[in-house]
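The values are calculated or read from the model by the stated rules, or taken from the named source; none is laboratory data. Since we're looking at a predicted model, the values are computed, not measured. Using ideal geometry, Cβ is built from the backbone for each residue, glycine included, and neighbour counts are taken over all protein chains shown. With ligands, DNA and RNA removed, areas are computed over all heavy atoms of the protein, side chains included. Shrake-Rupley method; radii C 1.70, N 1.55, O 1.52, S 1.80 Å.
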Amino acid sequence: MRLNKKHIISWTLFDFANSSYSAVIAAVVFPVYYTNVIVGNDAGFGDLWWGRAISVSMAVVALSSPFLGGIADAGGFRKRFLFLYTALSIISIASLAVLEKGMIMAGFFLIVAANIGMEGGLVFYNSFLPRIAPREYQGRVSAWGFMVGYAGSILSLLLALPLIQRGYFRETWLMIAVFFGFCSMPAFLFLPKDDQGESSLVSSAVQGFRQALITLRDIVKKREPGKFLISYFIYEDGVSTVIVFSSIFAATTLGFQSGELILLYITVQATALMGSLVMAKPIDTWGPKRVVLLSLALWTVVAVAAFFVSAKSHFWVIATCAGLGLGTVQAASRAFYTQFVPQGKEAEYFGVYSLAGKSSAVIGPLIFGHVSMAFGSQRPAILSVAAFFLIGLVILLYVKGGAPNMQEQ
């Protein structure tokens, strides 16, 4: 297999597109707007409702991903499913513009739909990686995707900043919907076409369901992919919780304003981009396992330090350090898992990968939200995040695999 520049560029541009959602809607601006303006967060109820929304959406994605992956492989619907999920997310993002103060349930259902569309689409997006990159380049291509994604996060936040400063929140949500839709178009135009399956959607669904069960049994039987997914399930729980609640913690506990949050997140994305760029080749030459372990050690230290932080300046330092490991741990994890994926079963295996990752995102936000409300403080909830990283690191030490894909030159 040769690298096809058109495939690589269009694949990475989809990460550029959906990162606008990840940055503005899922991580920085909308979580604070929903918890503080739509719900009200004086007694931690905003944290509770936001945690519920993320958990419900991730549960739907987690439970459906393996079976949808099986359908995509059986019937050749991979690219079409990616389009449908993306359209659901974009329409839901645009609909956030109708929200008013007190519309808790409307906001809840819209963010659930938007998150299902975004996170569900990633199952099919990730499954293109082994189809467009030979094994010796998969670590780098994975890192390039995250690197371009961080650039998309930075640009979308810069576009959102003047709107937020003027209080134009509705216009911000609409801008992100347009950004996501426009920048994702190359993926639908230039990524490899769906294979022409002989089965109808219904028969593919039955076949895909059966194949998903076989894939789950196969992964458990092979042991090493199963152990990796257990580790990934635990440490990704920490990553997901940090992404979902970091801006809310900064705003509620440390008093960051909207403009400060955006500048902070831009800094984090810039350092994450640098980390992805610097570690892109080492993922292949050192091996993804070593890179993931180093990243988890860094994140454990960062989470413990965040428990003690009280000054904004200190949080800036901690967030910058966290950014260095953010893109690295995600890109290396995806490259690590790709080593276990048999040819022709990409969507099925990445459906199970999504099951592990998204299931973890159900538990972490719920724990954070309930601990925050129970103690009346977000600081105790931070320690649960550190525990996720540390436990995941220990389990990963016992996983065989993740060796270098190429010799260092």
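The heavy atoms of Tyr265 offer some 30 square angstrom of accessible surface to a 1.4 angstrom probe. When only alpha carbons of region 185-339 are considered, Rg and Dmax amount to 19.9, 61 Å. A helix-only calculation puts the chain at -27500 deg cm²/dmol for mean residue ellipticity at 222 nm, using -39500 (n - 2.57) for each DSSP H run of at least four residues, averaged over all residues.
Ordering Ala62, His7, Val37 by the projection of their Cα atoms onto the charge dipole of region 1-114, which places +1 on the Cβ of Lys and Arg and -1 on the Cβ of Asp and Glu, puts His7 at the extreme positive end. Converting phi to 3J(HN,Hα) with the Karplus coefficients 6.51, -1.76 and 1.60 and the offset θ = phi - 60°, region 170-183 yields 4, 5, 5, 4, 5, 4, 5, 4, 5, 4, 4, x, 5, 6 Hz in sequence order, with x at every glycine or proline.
Shown in residue order for region 137-149 are the 3J(HN,Hα) couplings computed by the Karplus curve 6.51 cos²θ - 1.76 cosθ + 1.60 at θ = phi - 60°: 10, 5, x, 5, 5, 4, 5, 4, x, 5, 4, 5, x Hz (x for Gly and Pro).
In the P(r) worked out for region 121-176, what percent of Cα pairs fall beyond 16 Å? Don't skip to the answer; put the middle values down first.
On the way: 887 of 1540 pairs.
Above the 16 Å cut-off, region 121-176 has 58 percent of its Cα pairs.
Along its first, second and third principal axes, ordered by size, region 111-230 spans 56, 36, 31 Å in Cα coordinates.
When restricted to Cα atoms, region 253-307 yields an Rg and a Dmax of 14.4, 43 Å, respectively. Using a Gaussian network model of the chain in which every pair of alpha carbons under 10 angstrom is joined by a spring, one finds that among Met373, Met274, Met103 the greatest mean-square fluctuation is at Met103. Over all distinct Cα-Cα pairs of region 278-326, the Kirkwood formula returns a hydrodynamic radius of 11.7 Å.
Could you work out the percent of alpha carbon pairs in region 64-171 separated by over 15 Å, rounded to a whole number? It would help to have the intermediate numbers written out before the result.
Details: 4230 of 5778 pairs.
When all Cα pairs of region 64-171 are counted, 73 percent exceed 15 Å.
From largest to smallest, the equivalent ellipsoid semi-axes obtained for region 13-89 from the alpha-carbon gyration tensor read 31, 16, 8 Å.
Tell me the Kirkwood radius of region 1-155: reciprocal of the mean inverse pair distance over distinct alpha-carbon atoms, in Å. Don't skip to the end; give the middle numbers.
Numbers: mean 1/r = 0.0600 Å⁻¹.
That comes to 16.7 Å for region 1-155.
If you bin all the Cα-Cα distances of region 323-409 at 10 Å, starting from zero, the percentages per bin are 13, 36, 32, 14, 5, 0.
Listed options for Cα Rg over 2.2 N^0.38 Å are (i) 1.55; (ii) 0.92; (iii) 0.99. The value calculated from this structure is the one marked (ii). A simple rule links phi to the HN-Hα coupling: the Karplus curve 6.51 cos²θ - 1.76 cosθ + 1.60 with θ = phi - 60°, which for region 235-248 gives 6, 5, 4, x, 4, 4, 5, 4, 4, 6, 10, 4, 5, 5 Hz, with x for Gly and Pro.
Local charge sum around Gln211 (other residues, Cβ-Cβ under 9 Å, Lys/Arg +1, Asp/Glu -1)? Display every interim value, and only then the final one.
Details: positive: Arg210, Lys345; negative: Asp73, Glu348.
Within the 9 Å Cβ shell, the charges total 0.
Of the peptides 279-291, 173-185, the order by per-residue mean of other Cβ atoms within 10 Å, starting with the highest, comes out as 279-291, 173-185.
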